[in-house]
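Please treat every number below as a calculation from the coordinates, not as lab data. If you're wondering where the values come from, they're calculated on a predicted model, not measured in any experiment. Positions of Cβ are generated from backbone atoms using ideal geometry, with glycine treated the same way; all protein chains shown enter the neighbour counts.
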Amino acid sequence: MPGRYTPDMTSEKKPCLQGVGLTKVFGLGRNKTVAVDNVDFTFHEGEVVSIVGESGSGKTTLAKMLLGLINQTSGDIYFQGEQRDLSSHRKKKEYWRNIQAIFQDPFSSYNIFNKIDTVLLDCIRMRGNGHLPQEQKREMMIEACRFVNLRFEELTNKYPFELSGGQQQRLMIARIFLLKPKILLADEPTSMVDACSRSTILDSLLDLRNEIGMTPIFITHDIGLAFYVSDSVYIMEHGRFVESGTADDVILDPQEPYTKRLISDVPKIREEWDLSTV
Ligand SMILES: Nc1ncnc2c1ncn2[C@@H]1O[C@H](COP(=O)(O)OP(=O)(O)O)[C@@H](O)[C@H]1O
Ligand SMILES: [Mg+2]
């Protein structure tokens, strides 16, 4: 199928991120919301995963637990086969080197008072390369910008808000290129952009998967997007995974009424994501 991503099946699958009985409850008594309800999953290295569900199904709450921004109410998270440990500042820093997130609004990734040079240099520093000679760091920034079709010379000394929306999105991907996380959580990364920038963003994120061996996790309400990018799809309803499997199994042969309904909202799922029509 044109444009559809072909997973690399040659390498052996290693677990990258696992959840066992993962649960998040907000509030107490009558105000209690079970946002994530006892989910189990194993995401493998290099596997492209999508978590799909309607608004309010618990996707962002799950993402925040995976990022270590909020604590789970119960259940366990394993990173690279070992129980995740965020008990000290040092361990948190180490974990956050491995997992990064991009959100819907590219602005939320930046401190708006920092120039673009600082934004990119911070990424190099976070990778532990702050001590490298200035010239080498500059080369790294030029390379990252080139990867997303930006020219570093045109960005230097500017602020992120001086860029167009599309350029901001690309700068966000350049940051990921420099940070080289093992896992990238992308929460509705393309919902604010037009169809053309959307496919560019998705394709550069998938290129990054090959370039730096990253595991991208897409969080979306858009099952068409999930079909286009994913090896594995998890369908989320009311905090639970109601159906999961390969993108082809889940989307071309759905078993659950909820999945069927999500798909019926996108009547021409194959044609929609044929990039030759974009
Ligand atoms: N901080 C919070 N306090 C109380 N309830 C919350 C909080 N965050 C999310 N929720 C609730 O948890 C449920 C799942 O929300 P969320 O994870 O944002 O879903 P999604 O990202 O799929 O739209 C919703 O009912 C939401 O109102
Ligand atoms: Mg959300």
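Any residue in segment 59-78 that is part of a loop (DSSP other than H, G, I, E, B), away from ligand 2 (no atom under 16 Å from the Cβ) and farther than 25 Å from H221 by Cα?
No, because not a single residue in segment 59-78 is part of a loop (DSSP other than H, G, I, E, B), away from ligand 2 (no atom under 16 Å from the Cβ) and farther than 25 Å from H221 by Cα.
Please verify whether I112 is away from ligand 1 (no atom under 16 Å from the Cβ), β-branched (V, I, T) and surrounded by fewer than 17 Cβ atoms within 10 Å (Cβ to Cβ), treating the condition exactly as stated. Against the criterion (away from ligand 1 (no atom under 16 Å from the Cβ), β-branched (V, I, T) and surrounded by fewer than 17 Cβ atoms within 10 Å (Cβ to Cβ)), I112 qualifies. Per the conditions (1) buried (at least 18 other Cβ atoms within 10 Å of the Cβ); (2) of a type outside the set (D, E, K, R); (3) not in a helix (DSSP H, G or I), the sole criterion not satisfied by G130 is (1).
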